[in-house]
Each structure stands twice: as structure tokens, then as C-alpha cells.
Amino acid sequence: MTSVPQSRPVKSSARSRAVTGRVIGGRNPLLHWVRSTGWRHLVAWIALVFALFPVVWVISASFNPLQTLTSQQLIPSTFTFDNYTELLFGDVPYVDWYINTLLIAGGASLLITFLSALAAYAFSRMRFKGRRVGLLTVLLIQMFPQTLAFVAIFLIMVQISDVFPAAGLGTRLGLFLVYLGGALGVNTWLMKGFFDTIPRELDESAWVDGASHNQVFFRIILPLVAPILAVVFVLSFIFLINDFVLASAVLGQGDPANFTLSIGLFQYLGDQFNQRWGPFAAGALMAGVPVVIIFLFLQKYIVSGLTQGAVKG
Amino acid sequence: MNEKEAPEKAGTGSSGSPSTGRREAESSRRPSFTLGLVLKLLFLAAVNGLLLAGLPAMLEQEWWSGLVVVVIATALIDWAFLTKRSLPAKYLIPGTIFALLFQIVPILYSGYVSVTNFSISHRLTQDQVIDQLSRRTSNVQGATRYQLTILGNESGDLAFFLIDEADMPYLGTAEGLEGLTEDRIITDADGRVTAVDEFAALGIGEVSDRQAELADFAVPLEQGGIRATTINSAAAYQPLYIHEDSTGNMVDIETGTVYMPVDGRFTSSDGENLGPGWRVFVGLDNFSRVFTSEAIRGPFMRVLIWNYVFAIGSVALTFAVGLGLALALNHPGMRGQKVYRALLIIPYALPSFMTALLWAGMLNQQFGVINDILNADIPWLRDPTIAKASILLVNTWLGFPYMFLISTGALQAIPGELKEASWVDGASPWQGFRAITFPMLMVALAPLLIASFAFNFNNFNIVYLLTQGRPAIEGAATPAGHTDILISYTYRLAFESGSGADWGFASAISILIFVMVATISAISFRQTRALEEVWN
């Protein structure tokens, strides 16, 4: 790139002007617009069609009066809420699944966030014997994802059923507790990183004023790290509602009313795509839309969390 | 803060010496001191009570490993919250307990199960099997049949009033059978027996209430016993097998056939089995089966190769599409970028279990909209090759927004001067991208791409919810499909009916996955600063 051809500088300066969006020379502005930004819109539109076609289609299916896949039109000829009422008031325990998912995934995410914050506080603020071993353990735990041990978790739950039937196989409490097992790991690292950015002078001045450890943690640190708490909560929540393997291992052979949405909708759809498509679409939307809204609102935080932890991707 | 200071301040306040600056805080702390202590004790009592409530059942079932884990967990909690010397422990123990119970123990247990023959047909212990077989009985041929009246006394014991074929009356209790004299029998006006000694006849209602109890009740004889066959008849029975304590064999009482314990099953010399089997240690058999048995190795290798192709392909495709879009849309003069971004993120924001099922419907060969639009009959999820392509397509749809987001972020972090400089030096856009933009992007994104690879390596949802691993590989000894990845293969081994739910073998496969995932993680940690943080 040392020997520069004579014509290049001229060309490149034109290009750099184009980059900043100014019109060159006035000759054929349309062609220029197409070459500088027009094609970008075209690419964006193609991507949008690819990205949104299935979404539009599922919305349409949910309002289509005929509950079948075959006869579906993109724009339904008549518009109906039948699929929704079928699911909400019919024989399918969809509402149970919905509530179970909110309680199990939501409750576990709350506790995971709290447990993780406790651990991160200790790792970030205290120097103690075994700290390095502890940090290394958290790192190692990350290397062996809990999900992969689902066979063992299933077998352990079988045994727990004999000893603590209330938290054994097929119980929602059992799944909730299993989820808490994943509290330490990526989350702890993410939080510790954030805790480290809070100046220590803040806690130290609280010390001087006579605050206890618990007071420093609850009244000083937690409010300051609220953004990372939100990130960990939302990431855990999204991760847990998507969980199929553990939910199926713990609840799969039990009472369908105890199912979560993921295993519930999977079993509901079964092989009956054709007959149950409309209600499924309605159920999928009712489950998916709140998640999308949360995601879009917290997008900035979630992405920053993801790039540090990469839990979903 | 240093270590010395910590314990003092950690306390519930009793040792805190109020000094001049602290007076205010001290006074606000005092009311919560007693309340806090009460709450703490209540909490500890509840936790201890809950955990230890399971001990008797664990003892009874001789579940020693569970017992040890529960005792350790309880001790850790008490230690952390009752001593003042362990401030960091208070913050670390709660999460650690759960990680111990539901992550570390399951992983270790996977290792244990993987060296056993634990499966649905080998899920008991040997003692349980012996117990079960010893209870198997046959009605003795030509054995005495009795007319039966079911009796019960005030302390809830059952007894049988029996009349044999020679009209001799007997009383049968849990202790044994005894002949009766007329004076002990009380009858009503119709001649029906109402009581014998302290035992009174049970009404129909009472009998049906105590069915389960009755099913277990037998009057012991020298060999076998007498059981109720209906509500008003009983018969003598005899055990089928007897366990010889000296040899450990089971012997068929009638034929004299000897069944020896072989590989977790009682087996006779001509190879006949007595079910069920029990758990035995099989060493590395489950692992060696993967490599020695042709009917397992072939399909396993296919699953393994597809697992890597799937994970690498997913990362490559999502990254290519995401980066391409990011490059196209990252233009200062372009309008509507925010709207585009918000809409393009939607596939990623939807729960993946849902989108996988949604695509499964759309790609359905008979009814799916894709074939409908194309007016074709393409087996999207049924043909081995097309199904793989479909899975990659769906995963690209699902994952490109993430790559788009992180690529956009990374692109915007590259200083504009660098691009300008490359233009000034006469580089074409392509040269500029290849020599400057792309390398800089990779520095920022490489760890994320590795993480994405690790995630996709075990992306169970997309595979299982789209195809359940199907179509099946022909001639496979285990349930393996063309689109199965290791984790979905493991899942099917463990839970799909028909395969015999081979948990030992499934655990062996999950141990292999652990090894692979740990390797990937180790590589990715070298890329990040995580390890440095441990040592600093």
C-alpha cells in the first residue's frame, strides 16, 4: 500500500464525503442515494422479511378461525378470538403452565439474583482465606453446566421423592430448587465485575459511620448495583423459561397441571400440528409477547450482560 | 476493609463498641438487633428442621450419600450463621449450598452412574431384588382352601377365622395358626361368626377401607402362609424362590433350579433370567461400548460429527448474516436505523422453545406454510440432509440478531480515523475491511464467538423441538437420529420409551460431553481475563 496510484486520492475523498452523507457534484442524486444508502435499506428490508415473516404468520394463525395449518391464510378472512378462549378456558391447563412458569422461573430468577449478589459482594469486598479457591470453583462450575447433568438430576429427584415428597419428582418446588443450583457461575462473575466498579470509599465511609456489614450490603451496595441486578434477573428469567431439559426431567412424568410452558406446549402440540395449530399460535404469542417487550425495554442492559456472560446466543 | 476488622463488625452488634462518630448509626441499629436475631434463629431452625426431617427416611432406605450431603449442608449453614468468625461464609454459603446440592452433586453422581448398569430394568439394589423375589409366591397345588371371616381387635391387628375343608375351625393371626374350640367362637342368630376371643368380625365397609393392609397380611405357616384370596376365602401359598445366604443364590423351590447373581441379575446355568435386575458396578463398560460396539459406535460418531458441524455452522452462519447486516446498516447518514434494529432483534427476543416449535409447524411437510407457498412437497424435517439444513436455517434465524447487535457494537467502537486513514492510503473498501476493520472486530468478538459455539454445542431446544433428532439412523442399537446432537441423544437414551431408559450409558455420554464442554470453556477462559481476576 506504499505505492499509491495517482487517481486514488481523488476517488477516496469522494467516497469519504459520501460517507458523511453529502451530495457529490449534483449529477444524478438518485443514483448516488442508491449507491450510498439506498441499497442499505434494501438489505434491511430483506432482513426484516426474513426476521418477521414467521412472527407475522404466527400472529395471523392465532386469529384465524380455522384451527388448522392447511387452511391458513396470511390475512384471515374472518377474525376471531376462538383460539385464545379455547386455550384460556378450554381443557388444556395452559393457564396453569403460564402461572407455573412465572412462579418457578420468576421466583428462581429473583433468588438467583439475590444469592449471586451475596456471593459477588463477598468476592468483591472481602479478602479471606479461600477466596481464590472460591473464585476458581465458581469458574470451574461454569465449565460444567448444570443442564448436562440432567440424567443425574432426574435420578436424584427420584430418590428425593422418597424422603421429601413435597420437593421430589413431578413437583414444582423440586424444579425451583434445581434451578437455584445454577445460582453461582456466570452471574457471580458478571456481578463481581460490576461490584468492583463501585468505589470502596463508599462502603468505607459507611463503616466509619458505624454501619454493619448487612447495612452496607443492603442499603449502600444493592441500590448502586441495581442495573446489574436487573440484567442478571432478566437473563436468568429468559434462560429459565427456555429451559426444556431440566423441566422435562423433573416434571415430565408427573401431572400435566404442574408443567411449565415449554414442556406443556411441546406436549400439547405433539404430532397434532394440523389440529392444534391455532391455539398453539395463540399460546405462543401470549407467552412470547411479554418477553419481547421486556427484552426491548432492557435491550441495552441485556446486550451488555450478554457480551460479558454470553448465556444465550 | 481487612480481615481483622470484619468479624467484629459482622456480629449482631453485641461487640460493637459505640464511639463518638457512630452514635447515630448505633441507635438505629439497636432495635433491629433483637428482631434480627430472632428472625435469624427462626430461619435457622426452619432450615435445620426441613433438612433433618428427611433423615429418618434416608436412614430407613439406607441412602447414605444423600444423608452425608444433607448433614454437610446443614452443618455448613449452621457454621456460617452461628459463628462470628466466618463473615464471608455468610454471604457465600447460601448460593454454595444450592450449587452443592443441585450442580456439584449431580455432576459427581453422573460420574458414579456412568460406571454402573443403572437403568430402568436395573434400578433396585441387590437386597431389594432378593426381597422382591422372596415375596413371589404360588398357591400350593392341592393346598387347603379355607372359608374366611376377617377379624380385627381394638389395637388394629387383623386376624382370620378359618374353616378348612374338614370343617375344622382355626384362628390365624400374625403369629401363626391355632386350632379353635367351640367355646371361643361367638356366633349370631344366623350362625355367622361375630367374634373370636378379643377379635371381632369386620363389616364390609371396614374390610374395603383396609384393603391395602389386607393384601399384605398373611398367617405364617412353617413354609409360606395363608392369605385371603377373596373377601370370604383364603388359601395356603408357598414362596417360589428361596435365598441361600451361604452362596448368595436364589433357588426355585419347586424345580430346584439354581439362579446365580451374574452382572446384576439372577441367572440360571442355562442362561435364564429372573427379573428385575439390580445395580452393579461395571467399570468403564459404558464408555468402551461407545467405541467397541459397531451398532453404537457408528451412530455415535455421526452424532458427534454433526454436533460439531452444527455448532460451527451455526456460529459461522449467524455471524456472517449478523456482521453483514451490521456493516450494511452501520452508516451515519442512514435513516431509520433504530427502527430496523428494534424489529430485527425480535427473533432473538422470542423464547427459543417457542420459535423452534413455530418453525416445526412451518416446515411441516404436509401442512406447513413453507411447502404451501412454494407449492412443493419438500421433506424439510424428514430427510437426513434437508433436516440438517433446516436446523441450521432456523438457528440462523434465531441467532443472527445477537451477532448483529454485538457486531454493530464492535463496529461503532472502531475509531473512524482508522478507516479514513486507510482510504487516504488508497485501500479499497474491501482491503480496508479485511486488513483493518475485520481484525479489530475479531479481537473484540472472538471470546463471544467461542461462547456462542459453546452454547450451540448443547443447543438442545432447537434440535429436539424441531426434529426430536429424527430421522432415525438405521441399524442403530440406541435411539440415535440424523439430526441428534450429543445432548439430545443423551436425553433420548435416558427418557425415551422403548430404549429401556439406560441411565448408566446416558451418564457416560454426558460425561463425554462434560469433557468436550470443559475443553471449550478452558479455551475461552484463556481468551478472557477471568483467570487473571482469580489471581489478583
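For this structure, a couple of remarks:
- Pairs with Cβ under 8 Å, 6+ apart, first in the range B:194-219 and closer than 19 Å to B:Thr137 by Cα, second part of a helix (DSSP H, G or I) and modelled with pLDDT under 85: B:Leu214/B:Val207
- Selection count where residues are within 13 Å of chain A (Cβ to nearest Cβ) and among the charged types (D, E, K, R), scope the range B:383-427: 4
- Subset of the range B:33-54 [out of contact with any helix residue (DSSP H, G or I) (no Cβ under 7 Å at 6 or more places or on another chain) and surrounded by 15 or more Cβ atoms within 10 Å (Cβ to Cβ)]: B:Phe33, B:Gly36
- In the range A:44-63, the qualifying residues are those that are more than 12 Å from B:Leu344 (Cα to Cα) and among the aliphatic types (A, V, I, L, M), and the one that is surrounded by the fewest Cβ atoms within 10 Å (Cβ to Cβ) is A:Val56.
- Condition check for B:Tyr237: of a type in the set (Phe, Trp, Tyr) and touching a helix residue (DSSP H, G or I) at 6+ places or on another chain (Cβ under 6 Å): no
- Pick from the range A:264-279, criterion more than 7 Å from every other protein chain (Cβ to nearest Cβ) and in a helix (DSSP H, G or I), ranking: modelled with the lowest pLDDT: A:Gln275
- Top-ranked residue of the range B:153-169 - restricted to ones that are small (Gly, Ala, Ser) and farther than 21 Å from B:Gly191 by Cβ, ranked as nearest to the chain's Cα centre (by Cα): B:Gly156
- Of all residues in the range B:296-341, those being within 13 Å of chain A (Cβ to nearest Cβ), closer than 19 Å to B:Asn395 by Cβ and surrounded by fewer than 16 Cβ atoms within 10 Å (Cβ to Cβ) number 1.
- Residue list for the range A:213-239, filter: in contact with a helix residue (DSSP H, G or I) (Cβ under 7 Å, 6 or more places away or on another chain), surrounded by fewer than 22 Cβ atoms within 10 Å (Cβ to Cβ) and among the small types (Gly, Ala, Ser): A:Ala230
- Of all residues in the range B:171-196 being within 54 Å of the chain's Cα centre (by Cα) and not in a strand (DSSP E or B), the one that is farthest from B:Leu148 (Cα to Cα): B:Glu175
- Of the numbered criteria (1) without any contact (Cβ under 8 Å) to a residue 12 or more places away in the chain; (2) under 28 Å from the mean Cα position of the chain (by Cα), the one B:Ala342 fails is (2).
- Within the range B:373-381, not a single residue is within 7 Å of chain A (Cβ to nearest Cβ) and not in a helix (DSSP H, G or I).
- Candidate set from the range B:110-128 (those that are surrounded by 19 or more Cβ atoms within 10 Å (Cβ to Cβ) and under 15 Å from the mean Cα position of the chain (by Cα)); member that is farthest from the other protein chains (Cβ to nearest Cβ): B:Ser119
Let's see how each residue does on (1) farther than 26 Å from A:Arg172 by Cβ; (2) more than 9 Å from chain B (Cβ to nearest Cβ):
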residue	(1), (2)
A:Glu86	no, yes
A:Pro93	no, yes
A:Gly106	no, yes
A:Thr113	no, yes
A:Tyr121	yes, no
A:Phe128	yes, no
A:Leu136	yes, no
A:Leu148	no, no
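- Some residue of the range B:249-268 being polar (S, T, N, Q), outside any loop (DSSP other than H, G, I, E, B) and surrounded by 13 or more Cβ atoms within 10 Å (Cβ to Cβ): yes
- For the criterion of being touching an Asp or Glu at 6+ places or on another chain (Cβ under 9 Å) and modelled with pLDDT of 85 or more, A:Val92 passes.
- Of all the residues in the range A:274-284, those that are surrounded by fewer than 22 Cβ atoms within 10 Å (Cβ to Cβ) and out of contact with any Phe, Trp or Tyr (no Cβ under 6 Å at 6 or more places or on another chain) number 1.
- Residues being modelled with pLDDT of 85 or more and either more than 9 Å from chain B (Cβ to nearest Cβ) or touching a Gly at 6+ places or on another chain (Cβ under 7 Å) (or both) - total across the range A:291-313: 0
- Across the range B:43-68, the qualifying residues are those that are at negative phi, not aromatic (Phe, Trp, Tyr) and not in a helix (DSSP H, G or I), and the one among them that is farthest from the other protein chains (Cβ to nearest Cβ) is B:Gln61.
- Residue count for the range B:457-492 under the criterion of being at the interface with another protein chain (Cβ under 8 Å from one of its Cβ atoms) and part of a helix (DSSP H, G or I): the result is 7.
- The range A:184-217: number of residues that are at the interface with another protein chain (Cβ under 7 Å from one of its Cβ atoms), under 18 Å from the mean Cα position of the chain (by Cα) and modelled with pLDDT of 85 or more: 1
The values are calculated or read from the model by the stated rules, or taken from the named source; none is laboratory data. Just so it is clear, the model here is predicted, and its values are computed rather than measured. Please note: Cβ atoms are built from the backbone with ideal geometry, for glycine as well, and neighbour counts cover all protein chains shown.
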